[in-house]
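So the structure is just underneath, and the comments pick up after that.
The values are calculated or read from the model by the stated rules, or taken from the named source; none is laboratory data. None of the values given here were measured: they were computed from a predicted structure. Note: ideal-geometry Cβ built from the backbone for every residue, glycine included; neighbour counts use all protein chains shown. We work out accessible area using only protein heavy atoms, side chains counted, and drop any ligands, DNA or RNA first. Shrake-Rupley method; radii C 1.70, N 1.55, O 1.52, S 1.80 Å.
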Amino acid sequence: MSEVIAHWHRDVRPVQLLFGDGFERLHDCAGIMHQQPDGPRMIGFLSYENPWGRVGGLYQIAKALPTALSNLLKMEGRDDTEQITRFSPLHTRVPEAIPPDVIQFAMQRGLATQCQPEVGGVGWVEWGADNGNGYDRIQYLGSCIVPFGIPDGSGNRPEYTCTIFKARHADSQGEWILFGNEEFFKGDRSPYEYSCLPQVGFQNPLLLNDALFACCAIPRIFEKLGFIDQVVSLSQEWQFAAAALTLKEAVLGKGIARATCLQVLHNVYDHPLSSEDLSKITDRYDDALWSDCQSVLTRMVPLTDAPVCFVSPEIIADAVSCEAHLNCNTNVIGVCSAHGCGGIFNGRYPSAEFSEPLPSSHGELDGRGLLELKRKYRSEMLRVLESYIRGAREPVLPSGSQQIIGRWYEESNRSFTSMEEGIPILVMMSRFYPTQKGHDVLLESIDRVRTEIPVRYLLVAPGIEEPKHGEFLRRAKEIAKAKDGQLLLLTSWIEGPLRNCLLSGPSFGVLPSLYEPTGMVTEYYQGFTPVIAHATGGLRRLVKPFADGQGTGFVYTYSPPETQDEVEQWKTIMMATAPEARMKVGIYKDLVANLTASIETALRVVRLAPDCYSQMLGNLPGVLSEFSWDKPSRQYLRWIDEAGYIS
């Protein structure tokens, strides 16, 4: 990324075309901010996920990176003049949402203790259970008016009151600025999914509407909180990309003196953005101003003030070679390449709480000690999992009941914990997303594994529902019946102790993603679990193939097609999400066959070569130490420092 920054030559034509006479002011403000910083600087980390509305990797990065940057600023003596602040929507309907009565009480307490109700700012409200780290807390800060929507004949837009809170989660460092309005952020399955309107392909109009409202609100929230000069926005993913537009318009409108806008991409997801939808947040919606751009990222990336930063360099290479299966044909990579882009490989996800301390180095335990520690984790996982399976009766997702498909025991009175000691257990734990995560690849591989070695498989796939994913569920039930006693599929969200156990107890974690920037590899490593993974994106760097006593797992890939274009095959795979239809595609058949072979190899290692397996376990702490946040935080800070007008 440092080389990309050093040699970046910005194409200013899209900004000139869009802002006309205002370009000179934007140009001068960015140049002054970059060359002559003076006074305090606020770095706003804009994330669609937070502790009270999360799905996976983005939340983990939003939890870890701002903390790492704050620590670096403190170490360099810059924390008196610079601060990192997280901004995120207030999701009100997801399973982990802040209770409505807590939000209402926080507003009442805030308003009751203020002389001027619109200013806000005193009185924390606590809720939840104290898990040893205290309680979750929230504080009302005030509100602002956000004009948003398609303008009427006079150019006026509807106005919404946006409430602003500061919140702290008991299990995470740092505070979050949460904001919202009752008409927005009503995803209930997750922050991105709405049961009232199923997503069609890559399009989700409710999510787009909420994301545009969030970007429209950001400048007004900054102003309300006094962040009106030397503002840096770090927009995560496409949902906050339009902040590059709204903040620049705030500079032209004199609400904010100087602002620099940066874009971070964890995936190459994008969303179509019509002129009509664009008109909800700007008067500059005429297609003639946008150089034939028709999506969020292709419109907004050219407005950012530095090269786009991907969370792993490898995902850029994958996107260039197989763009169709990454970004729904919106030419994101083409636009990012033209604008300038690079990658910063992120540090490991924050640690979970495990029941036994992990060895910090290879030499801390011998081979027998490593296997004994793994056995303890396995026993704990089986105990907690059995309690969950036998005791779970209530639905976890608001949209439907929990499904448990398959079983791990021969008779109804058989205990998980009575399972034979040496039976390998393989776990895949990820949200169900057919165009990325690869649950079906693992399912088809399980069906094809041929070995005398007994084995158990656990697939955790929150987000599955009838009838939307009926083909997958039918296939899962079919394979579970054929593999009687081997396969267990859970379709509910897993949190807390059970999730930690599913990271530390398996013989292997499996990541069969069709593509993946980084995945949850380091979480498995922290749980003392090797990994089987598709060699894609950042997984190629994270998973070291085991050979000659070195390595942390097994990787597999596919053979490039000879007769049909690779991109066309990926298009077919993405469009045909049912397993049977995908199995007609050469790349997909290769992935299934090669994952099957990797699983069979892993089973032989666990069961027949315990010395090799203990070597693999012993390699995990050393490899994990390579992925601290020290290097990436320094790279991010240099990227932030160099942003602005770079000629």
Is it true that Val231 is of a type in the set (A, V, I, L, M), modelled with pLDDT under 95 and open to solvent by less than 10 Å² (accessible area, probe 1.4 Å)? yes
Pick from Thr518, Thr536, Thr529: which is within 25 Å of the chain's Cα centre (by Cα), at pLDDT 95 or above, polar (S, T, N, Q) and crowded, with 23+ Cβ neighbours inside 10 Å? Thr529
Scan region 454-483 for residues that are buried (at least 21 other Cβ atoms within 10 Å of the Cβ), in a loop (DSSP other than H, G, I, E, B) and touching a helix residue (DSSP H, G or I) at 6+ places or on another chain (Cβ under 8 Å) and jot them down. Val455, Ala461, Ile464
Scanning for something at pLDDT 95 or above and either among the small types (Gly, Ala, Ser) or assigned to a loop (DSSP other than H, G, I, E, B) (or both), does region 190-205 turn up at least one residue? no
Cβ-Cβ under 7 Å pairs, at least 6 apart or on other chains, region 587-613 side closer than 15 Å to Tyr457 by Cα, far side modelled with pLDDT of 95 or more and assigned to a helix (DSSP H, G or I): Leu595/Val441; Leu595/Leu442; Leu595/Ser445; Thr596/Ser445; Thr596/Arg448; Ile599/Ser445; Val606/Tyr613
With respect to Leu426, is the statement that it is under 14 Å from Ile405 (Cβ atoms) and either under 21 Å from the mean Cα position of the chain (by Cα) or not in a loop (DSSP other than H, G, I, E, B) (or both) true? no
If Thr260 passes every condition in (1) surrounded by 23 or more Cβ atoms within 10 Å (Cβ to Cβ); (2) hydroxyl-bearing (Ser, Thr, Tyr); (3) more than 27 Å from the chain's Cα centre (by Cα) but one, which one does it miss? (3)
Are any residues in region 176-189 in a loop (DSSP other than H, G, I, E, B) and either crowded, with 16+ Cβ neighbours inside 10 Å or on the phi > 0 side of the Ramachandran plot (or both), and if so, which ones? Asn181, Phe184, Phe185, Lys186, Gly187, Asp188, Arg189
Regarding region 556-567, can at least one residue be identified that is part of a helix (DSSP H, G or I) and surrounded by fewer than 22 Cβ atoms within 10 Å (Cβ to Cβ)? yes
Any hit, region 92-101, residues being at pLDDT below 90, open to solvent by 20 Å² or more (accessible area, probe 1.4 Å) and not polar (S, T, N, Q): yes
From Asp283, Asp277, grab the single residue that is under 25 Å from Pro151 (Cα atoms), modelled with pLDDT of 95 or more and outside any helix (DSSP H, G or I). Asp283
In region 400-423, how many residues are under 27 Å from the mean Cα position of the chain (by Cα) and modelled with pLDDT of 90 or more? 0
For region 616-647: of the residues being in contact (Cβ under 8 Å) with a residue 40 or more places away in the chain, among the small types (Gly, Ala, Ser) and open to solvent by 20 Å² or more (accessible area, probe 1.4 Å), which is farthest from Lys374 (Cα to Cα)? Ser647
Starting from region 46-75, keep only residues that are closer than 18 Å to Phe345 by Cβ, then list their pairs with residues that are open to solvent by 30 Å² or more (accessible area, probe 1.4 Å) and small (Gly, Ala, Ser) whose Cβ atoms are within a distance under 9 Å, requiring at least 6 positions of separation or different chains. Ala68/Ser628
With the requirement that a residue be within 17 Å of Arg220 (Cβ to Cβ), in contact (Cβ under 8 Å) with a residue 24 or more places away in the chain and open to solvent by 10 Å² or more (accessible area, probe 1.4 Å), what does region 152-166 give you? Arg157, Tyr160, Thr163, Lys166
Going by the structure shown, is Ser513 open to solvent by less than 10 Å² (accessible area, probe 1.4 Å), among the small types (Gly, Ala, Ser) and touching a residue at least 12 places away in the same chain (Cβ under 8 Å)? yes
